[in-house]
1. If you check Asp365 against the conditions, is it more than 18 Å from Met251 (Cα to Cα), touching a His at 6+ places or on another chain (Cβ under 9 Å) and either away from ligand 2 (no atom under 15 Å from the Cβ) or not basic (Lys, Arg) (or both)?
2. Is one or more of the residues making up region 275-283 open to solvent by less than 20 Å² (accessible area, probe 1.4 Å) and of a type in the set (A, V, I, L, M)?
3. Looking at the structure I just gave you, is Lys417 farther than 26 Å from Glu347 by Cα, modelled with pLDDT of 95 or more and outside any helix (DSSP H, G or I)?
4. Mind checking which pairs have a first residue in region 358-375 that is farther than 24 Å from Leu87 by Cβ and a second that is at pLDDT 95 or above and among the hydroxyl-bearing types (Ser, Thr, Tyr), Cβ under 7 Å, 6 or more apart or different chains?
5. Give the residues of region 203-239 that are touching a strand residue (DSSP E or B) at 6+ places or on another chain (Cβ under 8 Å), more than 24 Å from Ala455 (Cβ to Cβ) and of a type in the set (Val, Ile, Thr), sorted by residue number.
6. Write out, first by first residue and then by second, each pair whose Cβ atoms fall under 9 Å of each other, whose residues are 6+ apart or on separate chains, and whose first residue, in region 209-229, is closer than 19 Å to His396 by Cα and free of Cβ contacts under 8 Å to residues at least 60 places away in the same chain while the second is open to solvent by less than 60 Å² (accessible area, probe 1.4 Å) and assigned to a strand (DSSP E or B).
7. Within region 20-58, how many residues turn out to be open to solvent by 50 Å² or more (accessible area, probe 1.4 Å), modelled with pLDDT under 95 and out of contact with any strand residue (DSSP E or B) (no Cβ under 6 Å at 6 or more places or on another chain)?
Amino acid sequence: MSRLIVVSNRVNPPTGKGEESVGGLAMALAAALREYSGIWFGWSGKIAPEFTGQIQMQRTEGVTVATIDLEEADYQEYYNGFANKTLWPLCHYRIDLAEYDRAFGEGYDRVNCRFAETLRPLIEPDDIIWVHDYHLIPLGRELRRLGVKNRIGFFLHVPWPAHQLVATLPRHRELVQSLFDYDLVGFQTEENLQAFEEYVAAEVSGDKLSGGRLRAFGRTLKVGAFPIGIDAPEFAQIVRSPRARRMHDIMSAHTVFRSLIVGVDRLDYSKGLEERFLGFDRFLADNPDLRREVLMLQVAPVSREGVEAYQEIRARLDALSGRINGEYADMDWNPIRYVNRNYRRDELAGLYRAARVGLVTPLRDGMNLVAKEFIAAQNPDDPGVLVLSRFAGAAHQLKEALLVNPNSADEISEALKRALSMDQQERIRRWRALFENVSREDVTAWRDSFVHALADVKERRTALAS
Ligand code: ADP
Ligand code: F6P
């Protein structure tokens, strides 16, 4: 079996089951790499006075983790800049927040070059290289420039937006062209894949060939939809752990005679937290008799604090949760509990299990693994109900959830009412179908389908010639 080299901006070494960690990508890759004796290469998360390209190697739980430090200009222009002020809002349909600054583009290209140059000496002839997410789109091109002939795949964790949105990005053709330096490019959903194909047809007169291939820029690229999943067997295990049980008991004790509604998200404007609070506000206004019957717990650890849009959403949520609590709270009850910290995964598992409703309402989301974790954590005999945004990638698989438009306070309010009054039989019926999907299309299935598709790509030179 070839060695697998995984490259991502964020690297979370697997330091043991249940440890705290945020971000779907890191959670999925930690699980995916556990079975491959591969290397996980990326940014250490640290800023050095200047970039040296020195690699720190660490071996944990069968995975070699290789990280590099970046320098301040990289952090500002590449991570905060092009990745999180330009591409992230664009991919999440927020072009009102997207900033186009030439320095960001230069920083993005520079860091992708630095990643390629530091990674190059670690690559052996048979290795399969798998690059992840919007931070590293041009990495394949940079590796090819350095003469790397290995199979290289790319997977986009965030949505690929509609053609007209991509076209708002300066130098969008160049960015898309760089994707054609990969052998395989994967998306979360068929919808994202179609949007990419439409862009290629409309913007660069590319052709769709048989066998899931596209031809443009004089190259042929294999493309596909590979919906990411969670490590379902591991999650089933941690939900039975002592810490998970303890968290479950604590939260159940806190909500005696009440139903717990839970949301768990990075504090990000794409997660629809403001709209979610307003939907809950509408529910409280519409259902005076149910007010004291519920507690909404929103866990939202701060994220990307160097980006103004994140500081602003944080301030708005502070104000909104305060306003709703001020309006409805009683001496012994607050409708919203809003917490900005990280928890261990086993604690989150216990929290999900104690909840009657999982409220997962992003305005746009590549997949959303929290929705899948919520399902995996439920008690099969008395499961909670998932209220899920139709704009999360997960909605394409989790069809038995209560699907809502996250922009509509009325739909959120109605779905909450329906979820809270749903009888046990219907809850069990819906949960079984959801759990079957979460277990079948899990992280192992995702990894294997991508890696097999990449390994199947004919010798690169042959493919180029065809
Ligand atoms: P994203 O990748 O955009 O953050 P996902 O829902 O796909 O969104 O993945 C989020 C991951 O981060 C999940 O595995 C979730 O359990 C984890 N996570 C989210 N919030 C917290 C938190 N407060 N503490 C610990 N882990 C968290
Ligand atoms: O899953 C989307 C994603 O952007 C990942 O690429 C990233 O690791 C995660 O969310 C968390 O964001 P960040 O790495 O910026 O903290």
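1. It is true that Asp365 is more than 18 Å from Met251 (Cα to Cα), touching a His at 6+ places or on another chain (Cβ under 9 Å) and either away from ligand 2 (no atom under 15 Å from the Cβ) or not basic (Lys, Arg) (or both).
2. No, every residue in region 275-283 fails to be open to solvent by less than 20 Å² (accessible area, probe 1.4 Å) and of a type in the set (A, V, I, L, M).
3. When the stated conditions are applied, Lys417 does not pass them.
4. Note: pairs meeting the criteria are Gly358/Tyr352; Glu373/Tyr352; Phe374/Tyr352.
5. Passing the criteria: only Val204.
6. Going by the 9 Å Cβ cut-off, the qualifying pairs are Val223/Leu184; Val223/Val185; Val223/Gly186; Val223/Phe187; Val223/Leu214; Ala225/Gly186; Ala225/Phe187.
7. The number of residues fulfilling the criteria is 4.
Here's the yes/no breakdown for (1) crowded, with 22+ Cβ neighbours inside 10 Å; (2) within 10 Å of ligand 1 (Cβ to nearest atom); (3) not charged (D, E, K, R):
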residue: Ala309; (1), (2), (3): no, no, yes
residue: Glu312; (1), (2), (3): no, no, no
residue: Leu317; (1), (2), (3): no, no, yes
residue: Tyr328; (1), (2), (3): no, no, yes
residue: Gly350; (1), (2), (3): yes, no, yes
residue: Asn368; (1), (2), (3): yes, yes, yes
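The values are calculated or read from the model by the stated rules, or taken from the named source; none is laboratory data. This structure is a prediction, so every number in the text was calculated from the model and none was measured. In this analysis, Cβ positions are derived from the backbone assuming ideal geometry, glycine residues included, and neighbour counts consider all displayed protein chains. Surface accessibility is based on the protein's heavy atoms, side chains included, excluding ligands, DNA and RNA. Shrake-Rupley method; radii C 1.70, N 1.55, O 1.52, S 1.80 Å.
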